[in-house]
Each structure stands twice: as C-alpha cells, then as structure tokens.
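Asker: Sharing a structure here in structure tokens format.
The values are calculated or read from the model by the stated rules, or taken from the named source; none is laboratory data. Since we're looking at a predicted model, the values are computed, not measured. Glycine also receives a Cβ, built like all others from the backbone with ideal geometry; neighbour counts cover every protein chain displayed. The protein model used for the area step is the full one, side chains on, heavy atoms only, and it has no ligands, DNA or RNA in it. Shrake-Rupley method; radii C 1.70, N 1.55, O 1.52, S 1.80 Å.
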Amino acid sequence: LEYGGTSALHIAAVAGSASAASVLIEAGALQTQDQDGQTPLHAAASAGEAEICGILLSAGADVEGIDLFGFTPLRWACLNGHVTAVKCLLDSGASTSSLAGLSTLALAGGAGHLEVVAALIDAGVRDLHAVEIAHETGHLAIAQLLHIVHDDDDGHDDGGEVSDDGGEVSDDGSE
C-alpha cells in the first residue's frame, strides 16, 4: 500500500500508530522505502516516535539503513531533536560515527538540541568539532557543555568557558 511514494507503514510510523504499524509489519511492509530511500524506521525516528522505532527494531528493521541524503535513522532523530528516539536507537546499537565530517553530536549541537547532546554524551560520543559547530550556529550553552566534556576527558579544567569567537578563555579572562 502506497500513497505518493510513501507506504502505509511510513504513514503509521509518523502518526505513531502502534497497532497499524504492527499489522503492516505482519503483512510484510517492514523494509519498504519511500522516494527518498527512507524506511519506516527513518520516518519514525525523524518524527520522534520512539515507541514505533522500538516496534520496527524488534521486527528486524535495519538500524543502520542509509537514505538518499546519506542519513541513518539516528542522524534524523538527532537533527530533529527527538531524545527518546535517539535513546531507543542507541540502545539498539546505532552507530554514532561521522558522515562527511559531521558527527551525530555536531548535528544535534548545531541544531540546538541540548537533551540530545546530553544523551549522546552519556552514550560516550565525543567530537571536538561539535564545539565549533554549536558555537557557529549560536548555541553557546551547548558549545560550553561540549567544551567542558572535552576538557574533562582530557583531564583539563579551565572552567569550560568559550569566547565569542569559539576560542577558549583562560582563567585570567584572556583568549
């Protein structure tokens, strides 16, 4: 069942309809792709439907499926700020690796999603470049958090301050 290149399972995933998703999975719709190469798991993750993500993953959905944009379901959940979907995907073994030099941490930080950044940090994700991305996009609190985490990992403690141009601020206030 498709409508305009989108399967019924994609629609159920975005709508958060667990019962419809379950019926459609039983009918064999699990690995369908839309016109953008996105699976129902991409759709659920992008919409923040963590329950549907769990149902799809339990049925065997590919957590590492890549769409025509080069994005996995985790990357969409990070970009759109859906922390429960991010946690569900991480718990299912989703890779946090960089794509074209942009990590999941940089995506979330650059989009201003503090809760997702915190979930990725809790999962052990680290990326110094994410500090720059968060700063360049105006998310200074996220940049500062990422800077503090980086310093803690390196055994440094400079207070985690980030200057207006993204550089470090020393204890005496100089850059």
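Asker: Of all residues in the range 5-36, which are open to solvent by less than 40 Å² (accessible area, probe 1.4 Å), at pLDDT 95 or above and within 18 Å of residue 76 (Cβ to Cβ)?
Answerer: Selection gives 9, 10, 12, 13, 16, 21.
Asker: Where residues in the range 136-157 are open to solvent by less than 30 Å² (accessible area, probe 1.4 Å) and in contact with a strand residue (DSSP E or B) (Cβ under 6 Å, 6 or more places away or on another chain), which of them is nearest to residue 70 (Cα to Cα)? Let's see the steps before the verdict.
Answerer: In the first step, residues of the range 136-157 are kept if they are open to solvent by less than 30 Å² (accessible area, probe 1.4 Å); the result is 142-143, 146-147, 149, 151.
With the extra rule that they be in contact with a strand residue (DSSP E or B) (Cβ under 6 Å, 6 or more places away or on another chain), the set shrinks to 143, 147.
On the way: 143: 25, 147: 28 Å.
Here the answer is 143.
Asker: Another question, if that's okay. Limited to the range 44-63, what total is found for residues that are in a helix (DSSP H, G or I) and within 20 Å of residue 27 (Cα to Cα)?
Answerer: Restricting attention to the range 44-63, the residues satisfying the condition of being in a helix (DSSP H, G or I) are 44-47, 50-58.
Add one more test, that the residue is within 20 Å of residue 27 (Cα to Cα), and what stays is 44, 51-58.
The total comes to 9.
Asker: Assuming residue 31 fulfils every condition listed in (1) closer than 29 Å to residue 100 by Cβ; (2) free of Cβ contacts under 8 Å to residues at least 24 places away in the same chain apart from one, which condition is it?
Answerer: Going through the list (1) closer than 29 Å to residue 100 by Cβ; (2) free of Cβ contacts under 8 Å to residues at least 24 places away in the same chain, residue 31 breaks only (2).
Asker: Which of the residues spanning the range 68-93 are closer than 13 Å to residue 45 by Cα, among the aliphatic types (A, V, I, L, M) and surrounded by fewer than 24 Cβ atoms within 10 Å (Cβ to Cβ)?
Answerer: Once the filter is applied, which keeps residues that are closer than 13 Å to residue 45 by Cα, among the aliphatic types (A, V, I, L, M) and surrounded by fewer than 24 Cβ atoms within 10 Å (Cβ to Cβ), the range 68-93 yields 79, 83, 90.
Asker: Still on this structure: Going through 108, 118 one at a time, which residue ends up being among the hydrophobic types (A, V, I, L, M, F, W, C), in contact with a helix residue (DSSP H, G or I) (Cβ under 8 Å, 6 or more places away or on another chain), under 14 Å from residue 83 (Cβ atoms) and surrounded by fewer than 21 Cβ atoms within 10 Å (Cβ to Cβ)?
Answerer: On the way: 108 fails: surrounded by fewer than 21 Cβ atoms within 10 Å (Cβ to Cβ).
Unique residue meeting the criteria: 118.
Asker: Now for a separate question. Which of the residues belonging to the range 122-132 are open to solvent by 30 Å² or more (accessible area, probe 1.4 Å) and either among the hydrophobic types (A, V, I, L, M, F, W, C) or more than 17 Å from the chain's Cα centre (by Cα) (or both)?
Answerer: Hits for the range 122-132 are 123, 128, 132.
Asker: Now for a different question. Taking the residues in the range 94-105 that are among the hydroxyl-bearing types (Ser, Thr, Tyr) and open to solvent by 30 Å² or more (accessible area, probe 1.4 Å) as candidates, determine which candidate is modelled with the lowest pLDDT. Show your work before the answer.
Answerer: Within the range 94-105, the subset among the hydroxyl-bearing types (Ser, Thr, Tyr) is 95-98, 103-104.
Applying the additional criterion that residues be open to solvent by 30 Å² or more (accessible area, probe 1.4 Å) yields 95-98.
Working: 95: 94, 96: 92, 97: 86, 98: 83.
For the range 94-105, the residue satisfying everything is 98.
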